[in-house]
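> Before I ask anything, here is the structure I am working with.
The values are calculated or read from the model by the stated rules, or taken from the named source; none is laboratory data. Nothing here was measured: the structure is a model prediction, and the numbers come from that model. Counting neighbours? That spans all protein chains shown, and the Cβs are built from the backbone with ideal geometry, glycine included.
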Amino acid sequence: MRNDDIQSRQQFFGSLQEAQEAARQAELATDGKSFPCIFFTQGDRNLICTSFPFGYLANQNLVNSDPVYKSSDLVGNPRESNNRPLEADHAKAIRTYLRENSEKYILPPITLNLTEEPAICSYEGQATIKAGWVIIDATTRFKVTDGQHRIAAIAGIPNSREEEYSIPIFDLDRRFLRHSVSVQIVIESDTIQSHQDFADAAKTKPIQASLLAVYDSRQPINLVLGKVVQDSSLFRGRVDEVSKGLSKNSRYIFTLNQVRVFLKQFLWGKKGQSEISVKKFSETELSDNKKREEQAARVLRVLNLVTKSMAPWSNIANSKPENARGSEILDLREKYLNLTGTGLALIGRIAHEVLAEKESNWDNLFKKLGSEIDWRREGKIWRESGLVEHDGDSFKITGGRDIVEKTVKMILEELGIKKVKDSSGTSLLVA
């Protein structure tokens, strides 16, 4: 709604102190509550920014009370509703995040819609952004433009059979009664435009996996990852920590997410393929700085042993990253399997299998992994396992879990190691 179409309920006073006193009087007269705010114009609409305590937000009955859905089975006609259908799993995930990180968390602002402008008390002046008090009276009814799942995480999920999610979060942890969330109020009476506002708010670019690996230190594996990348002679200065993939002209040899997959394979093998498993293992095996340092040291030790004896890793590590040329890296990647994400993950998996057993000859085994395995794509072992197929003038990497497992077994045998089972049925590596 255009701001000149709204019957203005703004009152201006000679000072903020006078405006504050007027807001207090308005509270009494309307059985409402006043909140400090700033208000401004965006486009041709009026917007108000404030914050609501969790308790106040929970009492506003803002969550869609229609049946709760899973993301896989949304049904119905959302055009007839002011709010989007509520996905229980999404709201649960937010509540879990808040409870697990109750001392330090980020909860993005909630955007609410009002069809009529609320009363605002401010000071006289020509500023484009003004401070004041917004009065929310007892008859005010908000609609949610963006943030319904955040509100449900705070207020509780309607009709949920799980008590830990159905009741307000502050009934589980009273500390949340002292917490608040930023709120942006848009003045808009047109339902179609309100739906458009919701669609516009959803048009944000997801954070790339590599950037999450850089910034999300709540996952202990990312702290280990950062140290491995910084301290490895091969990775330092040669890992793209931003892009999802490498361009043909990139001077980098891996993306950060590829190195993260390598690290998961190194630490947990095939058990660490899902992020749920990674979180579970991290909570015990990477729970403190000492454990993270120890694991990073193991990874770096193996990496340095393999790098020194493996082509073309050894030559790359001995050169300056800034002197790398994209065309040369591309040529090497097309020739060598160990300059691909698949090859790097395979090396991590082999390292995990070797280190999982009590073996005093690890150094020699890792040197052999670098020097005695032919890491060229045309290598016999890759074609025999089915990991690489000869396609005209090139060698293309295939996939499949069974093929990977077969390749792992063949490499271990090539190193002179085979898996046997003892009398109890436990698998052992025997050199």
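> Just give me the residues in the stretch 366-400 being free of Cβ contacts under 8 Å to residues at least 60 places away in the same chain, within 22 Å of F266 (Cβ to Cβ), of a type outside the set (G, A, S) and part of a helix (DSSP H, G or I), in sequence order.
Within the stretch 366-400, K368, I381, W382 qualify.
> Taking the stated definitions as given, is V299 assigned to a helix (DSSP H, G or I), touching a Gly at 6+ places or on another chain (Cβ under 7 Å), of a type outside the set (S, T, N, Q) and at pLDDT 95 or above?
For V299, the condition - assigned to a helix (DSSP H, G or I), touching a Gly at 6+ places or on another chain (Cβ under 7 Å), of a type outside the set (S, T, N, Q) and at pLDDT 95 or above - is not met.
> Name the single residue, out of those in the stretch 24-54 being at pLDDT 95 or above and among the aliphatic types (A, V, I, L, M), that is surrounded by the fewest Cβ atoms within 10 Å (Cβ to Cβ).
Looking at the filtered set, the residue picked out is I38.
> Can you tell me which of A324, A311, A317, A296 is within 23 Å of the chain's Cα centre (by Cα) and in contact (Cβ under 8 Å) with a residue 24 or more places away in the chain?
Every option except A296 fails the conditions.
> Mind listing just one residue for me: the one in the stretch 88-139 that is touching a Gly at 6+ places or on another chain (Cβ under 8 Å), among the β-branched types (V, I, T) and farther than 21 Å from A26 by Cα and, of those, surrounded by the fewest Cβ atoms within 10 Å (Cβ to Cβ)?
Among them, the one singled out is T111.
> When you look at H179, is it of a type outside the set (A, V, I, L, M, F, W, C), modelled with pLDDT under 95 and within 27 Å of Y215 (Cα to Cα), yes or no?
Judged against the criteria, H179 is not a match.
> Looking for something in contact with a Pro (Cβ under 8 Å, 6 or more places away or on another chain) and polar (S, T, N, Q) - is there at least one such residue anywhere in the stretch 118-136?
no
> Moving on to the next point. Is it the case, given these coordinates, that R218 is of a type in the set (K, R), crowded, with 16+ Cβ neighbours inside 10 Å and either in contact (Cβ under 8 Å) with a residue 40 or more places away in the chain or not in a helix (DSSP H, G or I) (or both)?
no
> Something else about it: Quick one: D73 ticks every box in (1) more than 17 Å from L177 (Cα to Cα); (2) modelled with pLDDT of 90 or more; (3) within 30 Å of the chain's Cα centre (by Cα); (4) surrounded by fewer than 18 Cβ atoms within 10 Å (Cβ to Cβ) except a single one, so which number is it?
That leaves (2) as the condition not met.
> Could you look through the stretch 310-342, keep only residues that are hydroxyl-bearing (S, T, Y) and surrounded by fewer than 16 Cβ atoms within 10 Å (Cβ to Cβ), and pick out the one that is farthest from G399 (Cα to Cα)?
S319
> If you go through the stretch 285-296 one residue at a time, do you hit one that is outside any helix (DSSP H, G or I), surrounded by fewer than 15 Cβ atoms within 10 Å (Cβ to Cβ) and not aromatic (F, W, Y)?
There is at least one residue in the stretch 285-296 that is outside any helix (DSSP H, G or I), surrounded by fewer than 15 Cβ atoms within 10 Å (Cβ to Cβ) and not aromatic (F, W, Y).
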